Amino acid sequence: MSFSNLGLSEKVLAAVAATGYTNPTPIQEQAIPHVLARKDVLGIAQTGTGKTAAFVLPMLTILEKGRARARMPRTLILEPTRELAAQVKENFDRYGAGQKLNVALLIGGVSFGDQDAKLTRGVDVLIATPGRLLDHTERGGLLLTGVELLVIDEADRMLDMGFIPDIERICKLVPFTRQTLFFTATMPPEIRRITEAFLHNPQKVEVSKPATTAVTVTQSQVPAGREAHEKRELLRRLLREAKDLKNAIIFCNRKREVAIVHKSLQKHGFSVGALHGDMDQPARMAALEQFRKGELPLLVASDVAARGLDIPEVSHVFNFDVPHHPDDYVHRVGRTGRAGRTGTAISIVTPLDQKSMVAIEKLIGQSIPRAEGDYEVHADGGEQGDRPRESRGRDRDRSRGGRGKPQRGRDRERSHEPREARHAADAAPSSDAKPAAEARPAREARPAREARPPREARQGSEARHGSRPQANNSHVPSIGRPEPRRQREIDTEPGDHSHLPAFLLRPVRSPAGA
DNA sequence: AAAAAAG
């Protein structure tokens, strides 16, 4: 099967050919002819099945005839998240390059006025998240009475997010006679109900995309203690040691955790961005764009990034937190191994996550092996094994995750002299970068030197992982970003960077240490 | 349990 006999226009076929795609995916093959026949379509398909092109391509063909009038878009596409909406717009830009189409994106968090101006000029395709769309209609800047074709994408997710009342309102504003394309990954009763209300004699198109992960993705789980700082330490180690890591998305369950992990990785010298819904929209777009372009190899994200985002060639997905819902696991892991490429998905699993993992394994129908390597709690002196708690105090993260609330550096230092003495010693090699205000009193620097032996011992234990052949880390330097880190530590809390990956540290015998 | 979306 090729694109050429689906009924798409020459222009659209040329645009598809230009992108290198030759064969339609099953959902495209089934849906496109129905859309072109102006039938309603009920598409049951997960993301990653080529669903977006399944409506974008025929819409482009349909839109070749006719022209948009001011404030009256000809077609409307509803998306649950701003990123997905932006991504659909990119599809129109890509495949519609040869057409003079006006495509407008109506999403929150960005300038209202620009959007309004665009609406005034007339748009062929309006892509929107519900809130901002209703905002525009209520202010009178937008009339939906000219909409010929309505797309409701990711309907089940909209349901999860409480958007269905908004969707129902919007549907009342578009003509009854419009064509409707409705996409959902699942069919819960509430979704079934609204398909009956919104669709007229729909053609059902179902892609058997079992709730499973791609065979090209190597999955593993790594046990961890439940403390967040332990998980962060483990994450850093996994990042350092990951094979063939080109870029990675690190998923957390909570926005707060995203921010913490992001900041922590930054402090440890990683080149990393963040993406969650509490960030302002320009920051969200910038992070995603930098990640897509490869400028940022690492992205810490909430589930806003789990579904639908098309980021080609994500080599690794890390679950910093195991998702509580198994579907989310499938979506997250689906960010890698796309289009037949290989990928790696590594989940950090605490004892509390065991139940979730069982549910995930049941859903995907396979067991997820424990990662190879000594990630277990070891009897032979491992990271979590017989390593004394005191010697782990070197991990500054501990002051946050371990005690619940962030503590100011100074308070910490008074709390436990012996440990902090070592702490100071650890900090010494990189403390040259610190502003004077953060320098520790000399009184504390002195015991630091006396405490050097324990530090060496600990570095040895760290080197157990770091002592792997250099080649193992050879891919990582692009991830590390030593210089900016030294800038950043100024506006984060003072602390020790001795646990940076070996390749990020200046020579072991740095001036301060020699 | 949380995230997402309108300010």
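Take residue A:352 and tell me if it is at negative phi, under 13 Å from the mean Cα position of the chain (by Cα) and not in a loop (DSSP other than H, G, I, E, B). Taking the combined requirement at face value, the residue does not satisfy it. Give the residue, chosen from A:315, A:302, A:271, that is within 14 Å of residue A:83 (Cβ to Cβ) and small (Gly, Ala, Ser). Matching residue, one of A:315, A:302, A:271: A:302. The criterion of at least 2 residues that are surrounded by fewer than 20 Cβ atoms within 10 Å (Cβ to Cβ) is met, among strands (runs of 3 or more DSSP E) falling completely within the range A:214-320, by A:217-223. Scanning the range A:1-46 for residues that are aliphatic (A, V, I, L, M) and over 30 Å from the mean Cα position of the chain (by Cα) turns up A:1, A:6, A:8, A:12, A:13, A:14, A:35, A:36, A:37.
The single condition among (1) of a type in the set (S, T, N, Q); (2) outside any loop (DSSP other than H, G, I, E, B); (3) within 28 Å of the chain's Cα centre (by Cα) that residue A:61 does not meet is (3).
Exactly one residue out of A:337, A:401, A:393, A:385 is at pLDDT below 85, out of contact with any helix residue (DSSP H, G or I) (no Cβ under 8 Å at 6 or more places or on another chain) and crowded, with 18+ Cβ neighbours inside 10 Å: that is A:337.
For residue A:191, the test of being modelled with pLDDT of 90 or more, over 24 Å from the mean Cα position of the chain (by Cα), outside any loop (DSSP other than H, G, I, E, B) and within 16 Å of DNA strand B (Cβ to nearest atom) is passed.
Taking the range A:232-260 as the range and being within 11 Å of residue A:320 (Cα to Cα), within 16 Å of DNA strand B (Cβ to nearest atom) and not hydrophobic (A, V, I, L, M, F, W, C) as the test, the residues that pass are A:253, A:254, A:257.
Taking the range A:324-334, which residues are crowded, with 24+ Cβ neighbours inside 10 Å and either assigned to a loop (DSSP other than H, G, I, E, B) or within 11 Å of DNA strand B (Cβ to nearest atom) (or both)? Listed by number, the residues that qualify are A:329, A:331, A:334.
Given the condition over 30 Å from residue A:151 (Cβ atoms) and within 16 Å of DNA strand B (Cβ to nearest atom), answer yes or no: does some residue in the range A:197-218 qualify? No, because not a single residue in the range A:197-218 is over 30 Å from residue A:151 (Cβ atoms) and within 16 Å of DNA strand B (Cβ to nearest atom). Taken together, the residues in the range A:293-315 that are out of contact with any His (no Cβ under 7 Å at 6 or more places or on another chain) and either more than 24 Å from residue A:240 (Cβ to Cβ) or near DNA strand B (Cβ under 10 Å from one of its atoms) (or both) amount to 6.
The values are calculated or read from the model by the stated rules, or taken from the named source; none is laboratory data. Note that the coordinates shown come from a computational prediction; the quantities given were computed from them, not determined experimentally. When we count neighbours, we look across all protein chains shown, and the Cβ atoms used for this are built from the backbone with ideal geometry, even at glycine.
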